[in-house]
Every structure is written in structure tokens, then in C-alpha cells.
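A.B. asks: Here it is, the structure in full.
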Amino acid sequence: MILYVIRRLLLAIPIAIGVTIVCFSLIHLAPGDPLSTVLPDNATPEVVEEIRAAYGFDKPLPVQYLVWLGNVVSGDFGLSIQSRRPVLGDIVPAVQNTMILAFAAVLIGFPFGTILGAIAGYSQGSLTDKVVTAISITGVSVPHYWLGMVLVVIFAVNMGALPAMGMGPGGQSDFALNWAHLRHLLLPAITLSVIPAGIIARSVRATIADVRKKDFVSTLRAKGLSPAWVFLHVAKNAAPVVLAVCGLQFAQLLGGSILVETVFSWPGTGFLMNSAIFTRDLPVLQGTILVLSLFFVVINLLVDVLQTVFDPRIRRG
Amino acid sequence: MTDATVTTIAPARPAAPVTPAQGYWGGVAKRLRRDPLTLICLGVILAIVLAAVFAPLISPADPYKTSMMARLKPVGTPGHFLGTDELGRDMLARLIYGGRISLFTGVTPVVLATLIGGVLGLAAGFFGGLVNTTIMRTMDVFYAFPSVLLAVAISGALGAGLLNVLIALTVVFIPPICRIAESVTTQARAEDYVEAARATGAATWRIITVHVLPNVMGPVFIYASSLISVSIVIASGLSFLGLGVSPPQADWGLMLNTLRQSIYIAPGQAVIPGIMIFITSMCFNLMSDGLRGAMDVKE
């Protein structure tokens with residue numbers, strides 16, 4: 001077990017390095033000089049060279065990458081071109097806010113998707129199954145940013161029951177566990193939970209249906225075990241797959257929240273990236289993407305390890 | 001009887017059930033005919049595609065003609081079947097024209113990614129060794145990004161524009177397609193008939209095109225078709241963020257973006273373009289499911 005965890009950790013390192021290379025390349029993918037946004041229009045060539053050297057853009061790319069990586073590892077993500085403040089100072093609160101939204105979406109979407117999928121998998125072919133399949137395919141296909149707008153129209157514009165945007169009363173961007181803040185959280189969290197709920201329902205249904213066809217289930221039934229106990233056995237065998245799907249979906253939520261955050265003006269990473277894109281603030285964009293994708297790598301790693309706890313067969317395979 | 005013998009000689013896939021007198025595709029067509037939902041979805045998609053292609057012929061109005069007097073008119077206004085947008089342009093005309101860009105940006109990346117990812121996966125699976133390691137480990141890195149994040153990152157760094165959206169989405173879809181192609185190729189390569197072909201001295205190119213490729217195409221095709229729905233939603237999402245085409249171009253995502261400002265004044269109008277994205281994405285999803293069933297491809 002420990003050996004497996006170590007091996008899996010070692011495999012994650014090259015991926016993490018690859019992720020940093022991709023994030024680093026982003027700035028160099030951008031058309032034009034990354035300096036063009038900071039330079040005054042009348043800058044003389046000498047000034048340009050000076051600023052270029054100050055930002056380290058005069059060195060060869062591999063050197064720039066290593067310098068950048070060294071800085072990132074020590075927590076220095078550079079300065080925002082727009083605000084001239086350290087990028088990390090903007091990223092940390094944004095990541096926290098995205099996490100709050102993602103966890104809320106998990107709390108709503110995962111149980112919903114799992115229960116729906118389990119019911120459908122247990123009544124394969126019946127009307128219930130068809131209804132659940134229809135719900136889940138709707139969840140998978142719906143453009144969630146549009147769903148967010150529809151919810152705003154229903155609950156904020158027409159009913160006036162819930163706030164349409166922001167994180168708290170008066171445009172606050174700190175979270176507190178009270179009704180005023182939860183009200184703001186409700187619509188974006190529901191919006192964000194729809195796609196993962198649909199995907200989870202579909203995979204849980206397929207997995208449960210699969211496990212129920214296994215010989216051991218017929219054996220359990222034949223020996224007279226009550227349906228509830230049989231279900232426990234089925235659930236235990238379906239758990240690793242369900243866990244893997246949930247883990248992956250949680251990780252996808254971190255990326256998917258960008259559109260939902262834009263709809264609801266939720267001050268998270270999506271909102272931050274969106275403004276960074278339109279002000280061409282590439283260090284902020286780069287830093288945010290790097291932090292989120294490293295989260296993604298870590299979550300995938302955790303899911304893999306957890307899966308082997310539930311299902312030791314995977315370790316050997 | 002002779003007819004039947006002739007058709008069975010046509011290359012049959014191992015996954016196809018043994019059905020004499022009809023080829024593999026005959027069976028697929030037969031199963032599809034018995035699946036009304038898939039047929040309806042095919043019909044809807046066909047209608048949307050045809051409407052987009054023949055937009056100038058069927059559009060009830062000029063999608064760019066603004067009218068300050070007729071802004072944000074509701075559905076059913078005389079002369080404007082689906083009302084007007086925030087600049088008084090005819091909503092139906094803009095939806096019809098918008099389909100051109102929205103479908104194009106949704107489908108093209110999947111096609112490109114299928115070609116590129118398919119070839120890479122085939123190469124990785126067939127040649128194995130260092131080729132496999134290089135290709136697949138690179139894919140792993142791109143796989144390590146949440147898909148929407150990667151799409152936003154690339155098109156955000158490249159800047160707004162149609163071409164950049166296409167590039168971003170193609171990059172997003174190459175790794176998953178490559179993985180499928182690689183795993184199917186690896187399985188196919190180990191089959192006895194491939195070994196036999198090699199033993200008879202068949203050239204590598206011939207083994208790939210005649211013995212391996214036909215096995216790989218089915219699963220890759222099915223998987224790719226399931227990506228179109230995702231691709232349409234993300235492409236319109238990028239457009240919604242303002243990363244796609246620029247105004248006054250008509251595009252469903254961009255229309256949602258600009259109409260969002262009027263959500264308090266005309267909530268009914270603001271959500272209309274999203275319905276098109278939803279219907280299209282849903283139909284592609286259901287069609288892909290139907291095709292998967294009809295083609296009997298196991299994942």
C-alpha cells in the first residue's frame with residue numbers, strides 16, 4: 001500500500017512539472033510583447049530594454065522558465081501588471097471563494113446524482129429509470145451559464161426571492177456562515193452542481209447496473225439475503241468507480257466555475273481570470289491557472305490513492 | 001443466395017453480431033430505424049444545420065439591421081416572431097445566422113481533434129515503446145487541466161477571436177481522443193490476425209490501414225460524437241465570456257452575453273439564445289447515445 005502511494009506520488013511529479021511548463025508557455029503564446037501593456041507609449045528603446053531586463057524577459061526561455069519556477073516554488077508569482085501588487089495576494093482569496101462555491105455545489109450535486117443514479121441502476125428499464133436517464137442527460141447537456149441566467153430570471157427577477165449576484169450583502173467578498181451569505185450562495189451553487197450531478201447519475205447508474213449482473217449478487221439473493229443487505233454488497237462494489245467519478249467531477253468544478261462565477265459576479269478564480277484576460281494581465285491569468293491545475297493534479301492523486309483503499313485489486317492491475 | 005454470400009465477404013467487425021445477408025452498417029441502420037428518439041434528434045440537428053447553411057434564404061429579416069424604436073420586443077411581436085434583441089435586431093434571424101458560427105465552432109474542434117488525436121493515439125498504440133511514452137506522457141500533462149480551464153487559459157492567452165477558440169478547443173479534445181485511440185490500438189495490435197498479417201510479410205502501413213485502423217475507428221468515432229455536445233457548450237461559453245467572435249456578429253454565446261445586460265428589462269428575451277445551445281447540445285448528446293447503442297461499441 002505505502003509502496004503504491006509512493007509510486008503514484010512519483011508519477012505525479014513529472015505531470016506537475018509539465019503543468020508548470022504549460023502555464024509558463026501561456027505568457028509566450030500571447031500575441032505581441034507581454035510588456036506592451038506596462039510600457040508607456042513614448043518609451044525609448046533604452047527604457048524598453050531596462051524594463052525587459054527588470055522582468056527577466058531578456059534571458060533565453062529555459063532560463064526564464066527556471067527562474068520563474070524557482071520564484072513560484074517560493075511563493076512568488078510575480079506582480080500583477082494591472083495593480084502592481086503580488087499576484088498571490090489576489091489569487092488566495094479568489095481560490096478560497098471558488099472552493100466555497102465548489103464545495104457547496106458538491107454538497108448539492110453529488111448526493112443528488114448518486115441517489116438518482118442508484119435508483120435508476122436498481123430499476124433498469126422501468127419508467128423511473130427512463131425519467132432519471134432523461135434528467136441526467138438534461139443535466140449533462142445544459143449550458144450551465146445559461147441555466148444560471150434562467151435561475152436569475154426566475155428567482156431574482158420575477159420572484160425577487162434570492163439575490164442575483166455577489167457573494168454577500170453590499171457586495172462583500174468575505175464569506176460567513178449566515179443566512180444572508182447562504183442566500184447568495186444558493187443559485188450559483190445549484191447552477192454549478194447540475195453538470196456533475198448529471199454525469200455522476202449516469203455513471204452510478206451504469207456501474208450499479210453492471211454490478212447487479214455479477215454472479216455473486218445472484219448467489220447472495222439465492223441464499224436468501226434481504227434486499228437491503230444485497231444492496232449494501234452492490235454499493236460496496238460500485239463505490240470505487242463512484243468515488244473516482246466524484247473526485248474527477250470535483251476537480252472539473254474548479255475549472256467549470258469560471259462561467260458560473262461570471263454570471264453571478266462571484267469573486268472567485270473565474271471572475272479573477274475573466275478580468276485578467278480582458279486587461280491582458282497575464283501574470284494573474286498564469287498564476288490562477290497554475291494554482292487551479294496543481295489542485296487538479298493533487299485531487300486526482302488523492303482519488304487514485306483512495307480508490308485503492310476501497311478496491312485493492314486496482315493496485316495489482 | 002449469391003447476393004448474401006457476396007455481402008458477408010465485406011469486412012465485418014469483430015464487435016458486430018453475426019447477422020447474415022446484411023453488412024455491419026446494414027445492422028446499424030436497422031437498429032437506428034427502431035430508435036425514434038435518435039431519429040428525432042438527427043432530424044432536429046439536420047434542421048438546425050440546414051437553417052444555418054441556407055440562412056440567407058430562410059431568414060425572415062436582416063440579422064444586422066438595428067432599430068432603436070423596436071428594442072427588446074417580446075416573443076410574438078408582429079413582424080418579429082421571436083421578438084428583438086437589445087439593439088432592435090430580429091431575434092429569429094440572429095438565431096438562424098448565429099447557428100453558423102456556433103455550430104462551426106462547436107463541431108470543427110472535435111473533427112480536428114479526432115484527426116490529430118486519432119493519428120497520435122494510433123501511432124502511440126501501434127509503435128509502443130518510446131513513441132508511446134513520449135506521446136502519452138505529453139497527453140497526461142494536458143489531461144491534468146480541467147477542460148474548461150484549459151480552454152479559457154489558451155483562448156484567454158491568445159486573445160479573443162474565432163480561430164483562437166478553435167485552437168483552444170482542439171487542444172482540449174486531443175488528449176481524451178488520443179487516449180481512446182491508443183488503448184483500442186494496443187488491444188487490436190495484440191490480435192492474432194495482426195500477428196498473422198505480420199508473419200505473412202505485410203508492410204507496416206498495410207497492417208495499420210487494413211487490420212488496425214478499422215478496429216480503432218468505431219470507438220474513436222463514437223467517443224468523438226459524444227464530445228460534440230460538450231464542445232458546443234464550451235465554445236458558446238467562451239463566446240459568452242467575450243472570447244469568441246466580436247459584435248455585431250451573430251453567435252448564440254455572444255448573444256447571451258450582450259442580452260445579459262438587459263436581463264432585468266426583458267428577462268424573456270435574454271434567455272432565448274441559450275435555448276438554442278441547449279437544444280443543439282442535447283440532441284447531439286442523445287444522438288451520440290443512440291449511435292453508441294446502434295453500433296454496439298463497448299467502452
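A.B. asks: So which of B:Leu46, B:Leu57, B:Leu50, B:Leu39 ends up being modelled with pLDDT of 80 or more, open to solvent by 70 Å² or more (accessible area, probe 1.4 Å), over 27 Å from B:Gln261 (Cβ atoms) and in contact with a Gly (Cβ under 9 Å, 6 or more places away or on another chain)?
C.D. replies: Of B:Leu46, B:Leu57, B:Leu50, B:Leu39, the one residue that is modelled with pLDDT of 80 or more, open to solvent by 70 Å² or more (accessible area, probe 1.4 Å), over 27 Å from B:Gln261 (Cβ atoms) and in contact with a Gly (Cβ under 9 Å, 6 or more places away or on another chain) is B:Leu39.
A.B. asks: For the stretch A:262-285, which positions are more than 8 Å from chain B (Cβ to nearest Cβ), open to solvent by 10 Å² or more (accessible area, probe 1.4 Å) and assigned to a helix (DSSP H, G or I)?
C.D. replies: Within the stretch A:262-285, A:Phe271, A:Leu272, A:Ser275, A:Pro283 meet the criteria.
A.B. asks: Give the stretch A:128-152 a look and list any residue that's open to solvent by less than 20 Å² (accessible area, probe 1.4 Å), assigned to a helix (DSSP H, G or I) and hydrophobic (A, V, I, L, M, F, W, C), or say none.
C.D. replies: Those that are open to solvent by less than 20 Å² (accessible area, probe 1.4 Å), assigned to a helix (DSSP H, G or I) and hydrophobic (A, V, I, L, M, F, W, C): A:Val132, A:Ile137, A:Met149, A:Val152.
A.B. asks: Only one residue in A:Leu302, A:Leu259, A:Leu306, A:Leu290 is under 26 Å from A:Ile13 (Cβ atoms), out of contact with any strand residue (DSSP E or B) (no Cβ under 8 Å at 6 or more places or on another chain) and either facing chain B (nearest Cβ under 10 Å) or of a type in the set (Val, Ile, Thr) (or both), so which one is that?
C.D. replies: Exactly one of A:Leu302, A:Leu259, A:Leu306, A:Leu290 is under 26 Å from A:Ile13 (Cβ atoms), out of contact with any strand residue (DSSP E or B) (no Cβ under 8 Å at 6 or more places or on another chain) and either facing chain B (nearest Cβ under 10 Å) or of a type in the set (Val, Ile, Thr) (or both), namely A:Leu290.
A.B. asks: May I ask you to say which residue of B:Arg100, B:Arg94, B:Arg89 is among the basic types (Lys, Arg), more than 14 Å from every other protein chain (Cβ to nearest Cβ) and in contact with a Ser or Thr (Cβ under 7 Å, 6 or more places away or on another chain)?
C.D. replies: Selected residue: B:Arg89, the only one of B:Arg100, B:Arg94, B:Arg89 that is among the basic types (Lys, Arg), more than 14 Å from every other protein chain (Cβ to nearest Cβ) and in contact with a Ser or Thr (Cβ under 7 Å, 6 or more places away or on another chain).
A.B. asks: Kindly indicate whether any position in the stretch B:146-168 is outside any helix (DSSP H, G or I) and out of contact with any Leu (no Cβ under 9 Å at 6 or more places or on another chain).
C.D. replies: For the stretch B:146-168, residues outside any helix (DSSP H, G or I) and out of contact with any Leu (no Cβ under 9 Å at 6 or more places or on another chain): absent.
A.B. asks: Return the only residue of A:Ala180, A:Ala161 being away from chain B (no Cβ under 14 Å), in a loop (DSSP other than H, G, I, E, B) and either open to solvent by less than 60 Å² (accessible area, probe 1.4 Å) or not aliphatic (A, V, I, L, M) (or both).
C.D. replies: The conditions single out A:Ala161.
Table: residues versus (1) surrounded by 22 or more Cβ atoms within 10 Å (Cβ to Cβ); (2) of a type in the set (Val, Ile, Thr); (3) within 14 Å of another protein chain (Cβ to nearest Cβ); (4) part of a helix (DSSP H, G or I).
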{"residue": "B:Gly106", "(1), (2), (3), (4)": "yes, no, yes, yes"}
{"residue": "B:Thr114", "(1), (2), (3), (4)": "yes, yes, no, yes"}
{"residue": "B:Gly117", "(1), (2), (3), (4)": "yes, no, no, yes"}
{"residue": "B:Leu122", "(1), (2), (3), (4)": "yes, no, no, yes"}
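A.B. asks: Something else about it: Condition check: at pLDDT 90 or above and more than 11 Å from every other protein chain (Cβ to nearest Cβ). Does A:Ala209 satisfy that?
C.D. replies: Against the criterion (at pLDDT 90 or above and more than 11 Å from every other protein chain (Cβ to nearest Cβ)), A:Ala209 does not qualify.
A.B. asks: So the check is Cβ under 6 Å with 6+ separation or different chains; which pairs have a first residue in the stretch B:123-148 that's closer than 15 Å to B:Ile180 by Cα and a second one that's among the acidic types (Asp, Glu) and in a helix (DSSP H, G or I)?
C.D. replies: B:Ala124/B:Glu182; B:Gly125/B:Glu182
Let's see how each residue does on (1) among the β-branched types (Val, Ile, Thr); (2) more than 19 Å from the chain's Cα centre (by Cα); (3) more than 26 Å from B:Thr38 (Cα to Cα); (4) crowded, with 21+ Cβ neighbours inside 10 Å:
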{"residue": "B:Leu241", "(1), (2), (3), (4)": "no, yes, yes, yes"}
{"residue": "B:Pro248", "(1), (2), (3), (4)": "no, yes, yes, no"}
{"residue": "B:Pro267", "(1), (2), (3), (4)": "no, yes, yes, no"}
{"residue": "B:Ala270", "(1), (2), (3), (4)": "no, yes, yes, yes"}
{"residue": "B:Gly290", "(1), (2), (3), (4)": "no, no, no, yes"}
{"residue": "B:Ala294", "(1), (2), (3), (4)": "no, no, no, no"}
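A.B. asks: Considering each of B:Gly274, B:Gly218, B:Gly201, B:Gly253 in turn, give the residue that is away from chain A (no Cβ under 14 Å) and open to solvent by less than 10 Å² (accessible area, probe 1.4 Å).
C.D. replies: Answer to the selection: B:Gly218.
A.B. asks: From the list A:Gly125, A:Gly75, which one is of a type in the set (Gly, Ala, Ser), within 28 Å of A:Leu232 (Cβ to Cβ) and outside any helix (DSSP H, G or I)?
C.D. replies: Within the list A:Gly125, A:Gly75, the selection yields A:Gly125.
A.B. asks: Quick one: what pairs do we get from the stretch A:60-81, first residue at positive phi, second surrounded by 11 or more Cβ atoms within 10 Å (Cβ to Cβ), C-beta under 6 Å, 6+ apart or different chains?
C.D. replies: Note: pairs meeting the criteria are A:Gly78/A:Val87; A:Gly78/A:Pro283.
A.B. asks: Assess whether B:Arg198 counts as being farther than 24 Å from A:Ala276 by Cα, basic (Lys, Arg) and at pLDDT 90 or above.
C.D. replies: In short, no.
A.B. asks: So A:Val5 clears everything in (1) within 26 Å of the chain's Cα centre (by Cα); (2) modelled with pLDDT of 85 or more except one condition, right? Which one?
C.D. replies: Tallying (1) within 26 Å of the chain's Cα centre (by Cα); (2) modelled with pLDDT of 85 or more, A:Val5 fails exactly one: (2).
A.B. asks: Also: Which pairs do you get when a residue that is closer than 21 Å to B:Leu169 by Cα, found in the stretch B:211-229, comes within reach of a residue that is aromatic (Phe, Trp, Tyr), reach meaning Cβ atoms under 7 angstrom, with the pair 6+ apart or on two chains?
C.D. replies: Within 7 Å, the pairs are B:Leu227/B:Phe173; B:Ile228/B:Phe284; B:Ser229/B:Phe284.
A.B. asks: Any idea which of A:Ala201, A:Ala228 is part of a helix (DSSP H, G or I), without any contact (Cβ under 8 Å) to a residue 40 or more places away in the chain and over 17 Å from the mean Cα position of the chain (by Cα)?
C.D. replies: The unique qualifying residue is A:Ala228.
A.B. asks: Among (1) at pLDDT below 90; (2) touching a Gly at 6+ places or on another chain (Cβ under 8 Å); (3) more than 13 Å from every other protein chain (Cβ to nearest Cβ); (4) open to solvent by less than 20 Å² (accessible area, probe 1.4 Å), where does B:Phe145 come up short?
C.D. replies: So the condition that B:Phe145 fails would be (3).
A.B. asks: Might you let me know whether the stretch A:249-261 holds any residue that is touching a helix residue (DSSP H, G or I) at 6+ places or on another chain (Cβ under 9 Å) and either free of Cβ contacts under 8 Å to residues at least 40 places away in the same chain or surrounded by fewer than 17 Cβ atoms within 10 Å (Cβ to Cβ) (or both)?
C.D. replies: Within the stretch A:249-261, one or more residues are touching a helix residue (DSSP H, G or I) at 6+ places or on another chain (Cβ under 9 Å) and either free of Cβ contacts under 8 Å to residues at least 40 places away in the same chain or surrounded by fewer than 17 Cβ atoms within 10 Å (Cβ to Cβ) (or both).
A.B. asks: Would you mind stating whether B:Ile263 is in contact (Cβ under 8 Å) with a residue 40 or more places away in the chain and either more than 25 Å from B:Val148 (Cα to Cα) or within 11 Å of chain A (Cβ to nearest Cβ) (or both)?
C.D. replies: When the stated conditions are applied, B:Ile263 does not pass them.
A.B. asks: Looking only at the stretch B:60-69, which residues are surrounded by fewer than 19 Cβ atoms within 10 Å (Cβ to Cβ) and under 17 Å from B:Met255 (Cα atoms)?
C.D. replies: Once the filter is applied, which keeps residues that are surrounded by fewer than 19 Cβ atoms within 10 Å (Cβ to Cβ) and under 17 Å from B:Met255 (Cα atoms), the stretch B:60-69 yields B:Ala61, B:Asp62, B:Tyr64, B:Lys65, B:Thr66, B:Ser67.
A.B. asks: Read through the list (1) more than 8 Å from chain A (Cβ to nearest Cβ); (2) within 24 Å of B:Ile96 (Cβ to Cβ); (3) in contact with a Ser or Thr (Cβ under 6 Å, 6 or more places away or on another chain), then give the number of the only condition that B:Ser281 fails.
C.D. replies: (1)
A.B. asks: All but one of (1) outside any loop (DSSP other than H, G, I, E, B); (2) within 14 Å of chain A (Cβ to nearest Cβ) hold for B:Gly244; which doesn't?
C.D. replies: (1)
The values are calculated or read from the model by the stated rules, or taken from the named source; none is laboratory data. Computed from a prediction, not measured in an experiment: that's the story for all the values here. Because the Cβ atoms are built from the backbone with ideal geometry, glycine has one as well, and the counts that use them run over all protein chains shown. For accessibility, only protein heavy atoms count, side chains too; no ligands or nucleic acids. Shrake-Rupley method; radii C 1.70, N 1.55, O 1.52, S 1.80 Å.
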